[in-house]
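Enquirer: My questions will all concern the structure given below.
The values are calculated or read from the model by the stated rules, or taken from the named source; none is laboratory data. Predicted model only: the values in this text are computed from it and were never measured. Neighbour counts run over all protein chains shown; Cβ positions are idealised from the backbone, glycine included.
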């Protein structure tokens, strides 16, 4: 359901977003174990940081950033996205990250304004 | 544009303010979950199909409204084992025209969270 547009003029650069998101996740939760008291702060911090970095790129897009953090206990987790938009100029990027105690899935959606 | 931060606290079940149109849409989403999943137990082999069906029904219904909006639908299904789950959204858009709607549904073996964002063209 996700579509990636790489290297096209006027379309979303998902590779750039991928690097931004990975860096935001690493700097927020890298090295920590899952903690119920902290997880609220972490998810808020991840989405805020990603959004700030994306807006700094100065491109004519609206952005939606979603972050899901789940404790590793062997439970099954399934996420799916579907988008009704202009595939030529809009795009998304999903990053899956994990450490010993938690899984983190961050999705960035960019919707063109121009 | 303004930055809107919507933090969904899974274990507190935040209730979003309802307008008439939203009420109708939210009950449609609940109905999607009931008819697609119902009382089925979590099954790894079927969960992909469930998320696909729910999302396709939701986007189908929204696109049939023929309004000048782009839509993003996101569905999360998690097996109930006592694990903690936290989800958050943040949006950089036009607060006067764009909005989001999140629905949490559950049965005895799984939690489902559906988030739909609509953005004016």
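Enquirer: If only one of A:69, A:65, A:55 is free of Cβ contacts under 8 Å to residues at least 40 places away in the same chain and touching a strand residue (DSSP E or B) at 6+ places or on another chain (Cβ under 6 Å), which one is it? Break it down stepwise before answering.
Expert: Numbers: A:69 fails: free of Cβ contacts under 8 Å to residues at least 40 places away in the same chain; A:65 fails: free of Cβ contacts under 8 Å to residues at least 40 places away in the same chain.
Answer to the selection: A:55.
The rows are residues; the columns are (1) assigned to a loop (DSSP other than H, G, I, E, B); (2) surrounded by fewer than 14 Cβ atoms within 10 Å (Cβ to Cβ).
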position	(1), (2)
B:28	no, no
B:32	no, no
B:53	no, no
B:60	no, yes
B:73	no, no
B:76	no, no
B:81	yes, yes
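Enquirer: Restricting attention to region A:79-97, which residues are more than 9 Å from chain B (Cβ to nearest Cβ) and touching a residue at least 24 places away in the same chain (Cβ under 8 Å)?
Expert: If we filter region A:79-97 for residues that are more than 9 Å from chain B (Cβ to nearest Cβ), which is where we start, we get A:87-89, A:91, A:93-97.
The answer is A:87, A:88, A:89, A:91, A:93, A:94, A:95, A:97.
Enquirer: Any idea which of B:45, B:118, B:96 is within 11 Å of chain A (Cβ to nearest Cβ) and either at pLDDT below 90 or farther than 29 Å from residue A:74 by Cβ (or both)?
Expert: On the way: B:45 fails: either at pLDDT below 90 or farther than 29 Å from residue A:74 by Cβ (or both); B:96 fails: within 11 Å of chain A (Cβ to nearest Cβ).
Residue meeting the stated conditions: B:118.
Enquirer: Next question, about the same structure. Starting from region A:4-26, take each residue that is under 11 Å from residue A:94 (Cα atoms) and list its partners that are surrounded by fewer than 14 Cβ atoms within 10 Å (Cβ to Cβ) and at pLDDT below 90, counting only C-beta distances under 9 angstrom and pairs at least six apart or across chains.
Expert: The qualifying pairs are A:14/A:6; A:15/A:6; A:15/A:7.
Enquirer: Related question: Go through region B:8-27 residue by residue and tally those that are at pLDDT 80 or above and closer than 23 Å to residue B:108 by Cβ.
Expert: Qualifying residue count for the region: 2.
Enquirer: Could I ask something else about it? For residue A:32, which of the numbered conditions (1) part of a helix (DSSP H, G or I); (2) in contact with a helix residue (DSSP H, G or I) (Cβ under 9 Å, 6 or more places away or on another chain); (3) away from chain B (no Cβ under 11 Å) fails to hold?
Expert: Condition (1) is where residue A:32 drops out.
Enquirer: Restricting attention to region B:37-54, report how many residues are within 27 Å of residue A:90 (Cβ to Cβ) and without any contact (Cβ under 8 Å) to a residue 24 or more places away in the chain.
Expert: Qualifying residue count for the region: 4.
Let's see how each residue does on (1) touching a helix residue (DSSP H, G or I) at 6+ places or on another chain (Cβ under 6 Å); (2) at pLDDT below 90:
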{"residue": "A:88", "(1), (2)": "no, no"}
{"residue": "A:93", "(1), (2)": "yes, no"}
{"residue": "A:98", "(1), (2)": "no, no"}
{"residue": "A:114", "(1), (2)": "no, yes"}
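Enquirer: Away from every other protein chain (no Cβ under 11 Å), touching a helix residue (DSSP H, G or I) at 6+ places or on another chain (Cβ under 9 Å) and surrounded by fewer than 17 Cβ atoms within 10 Å (Cβ to Cβ): is that true of residue A:27 in this structure? I'd like the intermediate steps shown before the answer.
Expert: On the way: away from every other protein chain (no Cβ under 11 Å): yes; touching a helix residue (DSSP H, G or I) at 6+ places or on another chain (Cβ under 9 Å): yes; surrounded by fewer than 17 Cβ atoms within 10 Å (Cβ to Cβ): yes.
The answer is yes for residue A:27.
Enquirer: Of the residues in region A:49-78, how many are surrounded by 16 or more Cβ atoms within 10 Å (Cβ to Cβ), within 7 Å of another protein chain (Cβ to nearest Cβ) and outside any loop (DSSP other than H, G, I, E, B)?
Expert: Total meeting the criteria: 13.
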